[in-house]
Amino acid sequence: MEVIRTVKVKLDILDERCDDLHQTKDQFLHCANTTAEWAWRHPNDYCVTSKQKAEKALYERLRNETELTANLVQKGIRRAIEATKSGVARLKKGDNT
């Protein structure tokens with residue numbers, strides 16, 4: 001049997017680097033929110049739930065709009081697509097989203 005453990009580590013940021021952390025967070029959220037707005041097309045059309053389609057459509061634009069590394073842009077896109085998938089699943093069950 002394999003056991004996976006998660007360890008929480010407190011982030012210790014120097015005061016002079018706090019703004020950098022907040023800028024990164026804001027840019028990451030920009031990627032996620034832009035993707036969510038692009039992907040969520042209910043009720044007029046099908047929502048996009050393909051990470052590949054989203055990355056193909058938005059990756060270059062978001063890389064140019066932010067100073068994030070490629071990995072963070074991709075993670076922002078993927079987070080939004082996962083949220084879109086969750087919303088679509090709720091709609092299929094008849095739940096509000």
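The values are calculated or read from the model by the stated rules, or taken from the named source; none is laboratory data. Values in this document were obtained by computation on a predicted structure and should not be read as measured data. Backbone-built Cβ (ideal geometry, glycine too); neighbour counts: all protein chains shown. Note: areas computed on protein heavy atoms with side chains; ligands, DNA, RNA excluded. Shrake-Rupley method; radii C 1.70, N 1.55, O 1.52, S 1.80 Å.
Any residue at all in the range 87-97 that is in a loop (DSSP other than H, G, I, E, B), at positive phi and modelled with pLDDT under 95?
Taking the range 87-97 and keeping what is in a loop (DSSP other than H, G, I, E, B), we get 93-97.
The next check asks that each one be at positive phi; those that pass are 94.
Remaining after also requiring modelled with pLDDT under 95: 94.
Yes, the range 87-97 has at least one match.
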Considering residues of the range 42-60 that are without any contact (Cβ under 8 Å) to a residue 24 or more places away in the chain and open to solvent by 80 Å² or more (accessible area, probe 1.4 Å) only, the residue nearest to residue 89 (Cα to Cα): 46
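For residues in the range 76-95 being open to solvent by 50 Å² or more (accessible area, probe 1.4 Å) and in contact (Cβ under 8 Å) with a residue 40 or more places away in the chain, which is nearest to residue 26 (Cα to Cα)? Give the steps one after another, and end with the answer.
Taking the range 76-95 as the starting set, the residues that turn out to be open to solvent by 50 Å² or more (accessible area, probe 1.4 Å) are 78-79, 82-83, 85-86, 90-95.
Those left that are additionally in contact (Cβ under 8 Å) with a residue 40 or more places away in the chain: 79, 83, 91.
On the way: 79: 14, 83: 18, 91: 29 Å.
My answer is 79.
How many residues are outside any helix (DSSP H, G or I) and among the hydrophobic types (A, V, I, L, M, F, W, C) if we restrict to the range 23-56? Steps first, answer last, please.
First, pick out the residues of the range 23-56 that are outside any helix (DSSP H, G or I): 40-50.
From the residues that got through so far, the ones that are among the hydrophobic types (A, V, I, L, M, F, W, C) too are 40, 47-48.
The total comes to 3.
Test residue 14 against the criterion of being surrounded by 13 or more Cβ atoms within 10 Å (Cβ to Cβ) and over 17 Å from residue 86 (Cα atoms), and give yes or no. Full working, then the answer.
Values: surrounded by 13 or more Cβ atoms within 10 Å (Cβ to Cβ): no; over 17 Å from residue 86 (Cα atoms): yes.
No; evaluated as a whole, the condition is false for this residue.
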Out of all the residues in the range 1-52, which are of a type in the set (S, T, N, Q) and at pLDDT below 95? 6, 44
Taking into account only those residues within the range 61-75 that are under 12 Å from the mean Cα position of the chain (by Cα) and not basic (Lys, Arg), which is surrounded by the most Cβ atoms within 10 Å (Cβ to Cβ)? 73
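Within the range 57-86, which residues are among the β-branched types (Val, Ile, Thr) and assigned to a loop (DSSP other than H, G, I, E, B)?
We begin by selecting, within the range 57-86, every residue among the β-branched types (Val, Ile, Thr); these are 66, 69, 73, 77, 81, 84.
Once the filter is applied, which keeps residues that are among the β-branched types (Val, Ile, Thr) and assigned to a loop (DSSP other than H, G, I, E, B), the range 57-86 yields 66, 69.
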Pairs only if they're at least six apart or on different chains, beta carbon under 6 angstrom, first in the range 2-23 and free of Cβ contacts under 8 Å to residues at least 24 places away in the same chain, second part of a loop (DSSP other than H, G, I, E, B) and surrounded by 10 or more Cβ atoms within 10 Å (Cβ to Cβ); list them, first residue then second. 21/13
